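J.: This structure is in structure tokens; I'll ask about it shortly.
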Amino acid sequence: MKKLFIFFFILFNSILNAQNDILEKVIIEFNYFKYPDTEYQIDFKNNEVKCIMKYKISDNSYHIISDKTYKFNNEQFIKFKGEINLNIPDSIIHKSEQAMDGGGFSINFFNKNGTTSKLITRNINLQSKKYHSELKLIDSFFEFIYSVVKDNEGLKILDKSYRPYFSGLPIRKISENPLEYKIWGGISGNATWKNELIPFLENLPKETCVIIDCDNQLSYAWQEDILKLYILKNSNIQFANMDWLKYTRENLIELKEKLIKNEKNEIELVKLKNTKTYNMYINNKSEIEKWLKLPKKSIIKTTEQCRKICENYN
């Protein structure tokens, strides 16, 4: 009886393992209106994933922007593969909401027995329980792919795929010494909006040099708020790649010239004083005067410049 039990136990596990190992390949594609498509071809047989970014030229023609292949091990993909095995459709499944842009993702399933199936989603509501299994699958995919892709180019492409499905603050830690973070996804609005950025910045260490690579992901309004709240106050936080500030600098210089030119023209002065640039200037006059005297390269810093500053930080 015991031998019979062991036999059926082994048989059951063999059947279960076979069911959980029917996939040979999966292709996940992310599409967004007016943006490049990203495609991830996951080959379970060879433990490889090919990451492609491309622009659609016509129905069957693409311009390839990037094409990179990465190797992965069994430990990296076991959770994702287990999740995807639970969601293999029997045919072509469409799940979508009505919207104009048509953004979404599709998954092509290629089984070892030669059969295929496909899941297509468009404009899905991230808060809806209707798409719980699809979003859980995509979360599992991103957890897997982020463990595989580590180079800057690959991460930049991956971040663009992930941003529409990420609801938190898009910041990742780059290093401990110096303490460096990177904003990898767009942040709109400004400091007056309800946001997570200011609390994050305020909770950073005050006694050491910290680098924030903004990667030009902050809106113009946010960059000006960072200028007022941190840069002009000589904060210990060094902000890199905030290229919009060159326009803020130009606007401030132009404002000062117009104030001098129209010092006796009350009508023009009133117009100038009603501008956002004037308000920034008059409320931070001494700090802005010092800031405008800095060389251009010191106003818009690169990540490397910030790292050098941190090397000499006391």
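J.: Among the residues of the range 179-186, are any touching a strand residue (DSSP E or B) at 6+ places or on another chain (Cβ under 7 Å) and farther than 26 Å from Tyr146 by Cβ?
T.: No, the range 179-186 contains no residue that is touching a strand residue (DSSP E or B) at 6+ places or on another chain (Cβ under 7 Å) and farther than 26 Å from Tyr146 by Cβ.
For every residue, the table says whether it meets (1) touching a residue at least 40 places away in the same chain (Cβ under 8 Å); (2) touching a Phe, Trp or Tyr at 6+ places or on another chain (Cβ under 6 Å); (3) open to solvent by less than 70 Å² (accessible area, probe 1.4 Å); (4) charged (D, E, K, R).
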{"position": "Ile211", "(1), (2), (3), (4)": "yes, no, yes, no"}
{"position": "Glu224", "(1), (2), (3), (4)": "yes, no, yes, yes"}
{"position": "Asp243", "(1), (2), (3), (4)": "yes, no, yes, yes"}
{"position": "Glu250", "(1), (2), (3), (4)": "no, no, no, yes"}
{"position": "Glu257", "(1), (2), (3), (4)": "no, no, no, yes"}
{"position": "Asn279", "(1), (2), (3), (4)": "no, no, no, no"}
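J.: Please work out which one of (1) open to solvent by 10 Å² or more (accessible area, probe 1.4 Å); (2) closer than 30 Å to Asn31 by Cα; (3) out of contact with any strand residue (DSSP E or B) (no Cβ under 6 Å at 6 or more places or on another chain); (4) in contact (Cβ under 8 Å) with a residue 12 or more places away in the chain is the condition Asn195 fails and give its number.
T.: (4)
J.: Yes or no: Lys136 open to solvent by 10 Å² or more (accessible area, probe 1.4 Å), at pLDDT 95 or above and at negative phi?
T.: no
J.: Identify the single condition in (1) open to solvent by less than 30 Å² (accessible area, probe 1.4 Å); (2) free of Cβ contacts under 8 Å to residues at least 12 places away in the same chain that Phe77 does not satisfy, given that it satisfies every other one.
T.: Status for Phe77: all satisfied but (2).
J.: Which numbered condition trips up Gln217, out of (1) touching a residue at least 40 places away in the same chain (Cβ under 8 Å); (2) open to solvent by 40 Å² or more (accessible area, probe 1.4 Å); (3) over 26 Å from the mean Cα position of the chain (by Cα)?
T.: (3)
J.: Moving to a separate point now. Can you give me the ranges of the strands (runs of 3 or more DSSP E) entirely in the range 8-106 with at least 3 residues that are over 30 Å from Ser128 (Cβ atoms) and either at pLDDT 90 or above or of a type in the set (S, T, N, Q) (or both)?
T.: The strands (runs of 3 or more DSSP E) meeting that bar are 48-58, 61-71.
J.: Follow-up. Does Asn236 satisfy the condition of being farther than 23 Å from Thr277 by Cβ, surrounded by 14 or more Cβ atoms within 10 Å (Cβ to Cβ) and among the polar types (S, T, N, Q)?
T.: yes
J.: Hey, another quick one. Which is of a type outside the set (A, V, I, L, M, F, W, C), open to solvent by 30 Å² or more (accessible area, probe 1.4 Å) and in contact with an Asp or Glu (Cβ under 9 Å, 6 or more places away or on another chain), of Arg122, Arg163?
T.: On inspection, the qualifying residue turns out to be Arg122.
J.: More than 19 Å from Trp184 (Cα to Cα), open to solvent by 20 Å² or more (accessible area, probe 1.4 Å) and free of Cβ contacts under 8 Å to residues at least 12 places away in the same chain: which single residue out of Glu311, Glu304, Glu289 fits that description?
T.: Unique residue meeting the criteria: Glu289.
J.: Sticking with this one: Within the range 166-197, take every residue that is over 15 Å from the mean Cα position of the chain (by Cα) and of a type in the set (Gly, Ala, Ser) and give me the one that is farthest from Leu137 (Cα to Cα).
T.: Ala191
The values are calculated or read from the model by the stated rules, or taken from the named source; none is laboratory data. None of the values given here were measured: they were computed from a predicted structure. Here Cβ is always computed from backbone atoms with ideal geometry, including for glycine, and neighbour counts include all displayed protein chains. In case anyone asks, the SASA skips ligands and DNA or RNA and just uses the protein heavy atoms, side chains included. Shrake-Rupley method; radii C 1.70, N 1.55, O 1.52, S 1.80 Å.
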